[in-house]
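Please read the structure below before turning to the comments.
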Amino acid sequence: MKQGLMRTGMAYFFMIVAAVLILLPFWIAVSNSFMTESESATYPPRFLPSGINIDNFITVMNNIPIIRFIVNSFLTSSIITVGNLITSCMAAYAFAFLRFPGRKILFGLFMATMMIPWEVTVIPNYLTVRSWGWLDSYQGLTVPFLATAFGTFLMRQFFLQLPKELMEAARIDGCGHIRIFASLAVPLSMPGLATLGIYSFLNHWNMYLWPLLITNSESMRTVQIGISMLQFADVTAWNVVMAGIVLVMLPSLVLLAVGLGRLVGGLTAGALKG
């Protein structure tokens, strides 16, 4: 009994420590965003501002087109998310329910692409996008990411959990693959779709290297690139930088707060078959 209580207490202790370590950077960013420049530069650093100072957020909006950057990131992430949902569902259905020669080998090769570092594909993708004249465009920002092996794997696992009897009954009633896909497989896998959508949106909202490579004009910059424009070579007002970071984090935090349960539940369910 005592050993069980001690183990539970130690588990809660380590979880609390981990939570503090995870939340500490976020709190520092929020706290500094409301500080004056002198307060943010003090040593040792302060953890609480002397007051609520919204001038930093006004400075961010005056110095850089932060709203435009947020709109660009939102459009880019949304387009990629929709593309991932469509391509992943269609490919996953084929791997889960269609019977064709070499299916397992093809699926294995498909999954093997997950082991290729994304940095390896940067140069070929860049050369392709440049040859098509897609630099500094939404096409260049989105098309290379419209299909992912991870999304296909996740949705395939969800499709494999669907009752076989239901699929057989639909075939007996005369349903073809298109109707089964649209009327049964996709509606019954909504938790998986929500999981994939949230994961894809958050992942591409935080994308930095690719937009940095292919965008040149301010009108096409995304938030991760735009924030770096608040740093200057001679002096950097970290309270202003933190205010910009807080503005950038707000959309992703709202989405994560709304969909956290679906994200965790979907990843857990998709990891099992049957």
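The values are calculated or read from the model by the stated rules, or taken from the named source; none is laboratory data. Since we're looking at a predicted model, the values are computed, not measured. All Cβ positions, glycine included, derive from the backbone under ideal geometry; neighbour counts span all protein chains shown. We work out accessible area using only protein heavy atoms, side chains counted, and drop any ligands, DNA or RNA first. Shrake-Rupley method; radii C 1.70, N 1.55, O 1.52, S 1.80 Å.
Name the residue, out of Asn63, Asn53, Asn32, that is surrounded by 10 or more Cβ atoms within 10 Å (Cβ to Cβ), over 22 Å from the mean Cα position of the chain (by Cα) and either closer than 30 Å to Asp136 by Cα or hydrophobic (A, V, I, L, M, F, W, C) (or both).
Asn63
Name every residue in region 231-253 that is at pLDDT 80 or above and open to solvent by 80 Å² or more (accessible area, probe 1.4 Å), in order of residue number.
Leu250
So which residues in region 200-231 are outside any helix (DSSP H, G or I) and hydrophobic (A, V, I, L, M, F, W, C), if there are any at all?
Residue satisfying the conditions is Met207 alone.
Within region 92-111, can you find the residues that are over 21 Å from Phe181 (Cβ atoms) and touching a residue at least 24 places away in the same chain (Cβ under 8 Å)?
Met111
Given the condition over 20 Å from Pro144 (Cα atoms) and open to solvent by 10 Å² or more (accessible area, probe 1.4 Å), answer yes or no: does some residue in region 201-210 qualify?
Checked against the condition, which is being over 20 Å from Pro144 (Cα atoms) and open to solvent by 10 Å² or more (accessible area, probe 1.4 Å), region 201-210 yields no hits at all.
Starting from region 241-259, take each residue that is of a type outside the set (D, E, K, R) and list its partners that are surrounded by fewer than 18 Cβ atoms within 10 Å (Cβ to Cβ) and not in a helix (DSSP H, G or I), counting only C-beta distances under 9 angstrom and pairs at least six apart or across chains.
Once the first residue is of a type outside the set (D, E, K, R) and sits in region 241-259, its partners that are surrounded by fewer than 18 Cβ atoms within 10 Å (Cβ to Cβ) and not in a helix (DSSP H, G or I) give Val241/Gln231; Ala243/Ile54; Ser252/Asn206.
So which residues in region 142-199 are open to solvent by 20 Å² or more (accessible area, probe 1.4 Å) and β-branched (Val, Ile, Thr)?
Across region 142-199, the qualifying residues are Val143, Thr148, Ile172, Ile178, Val186.
Matching residues to (1) among the hydrophobic types (A, V, I, L, M, F, W, C); (2) at pLDDT 90 or above; (3) in contact with a helix residue (DSSP H, G or I) (Cβ under 6 Å, 6 or more places away or on another chain):
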residue	(1), (2), (3)
Trp118	yes, no, no
Ser137	no, yes, no
Thr152	no, yes, yes
Arg171	no, no, no
Ser183	no, no, no
Ile198	yes, no, yes
Gln224	no, no, no
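Is it the case that some residue within region 44-55 is in contact (Cβ under 8 Å) with a residue 40 or more places away in the chain and assigned to a helix (DSSP H, G or I)?
no
Out of the residues in region 80-109 that are open to solvent by 30 Å² or more (accessible area, probe 1.4 Å) and not hydrophobic (A, V, I, L, M, F, W, C), state the one that is nearest to the chain's Cα centre (by Cα).
Looking at residues that are open to solvent by 30 Å² or more (accessible area, probe 1.4 Å) and not hydrophobic (A, V, I, L, M, F, W, C), I get Thr87.
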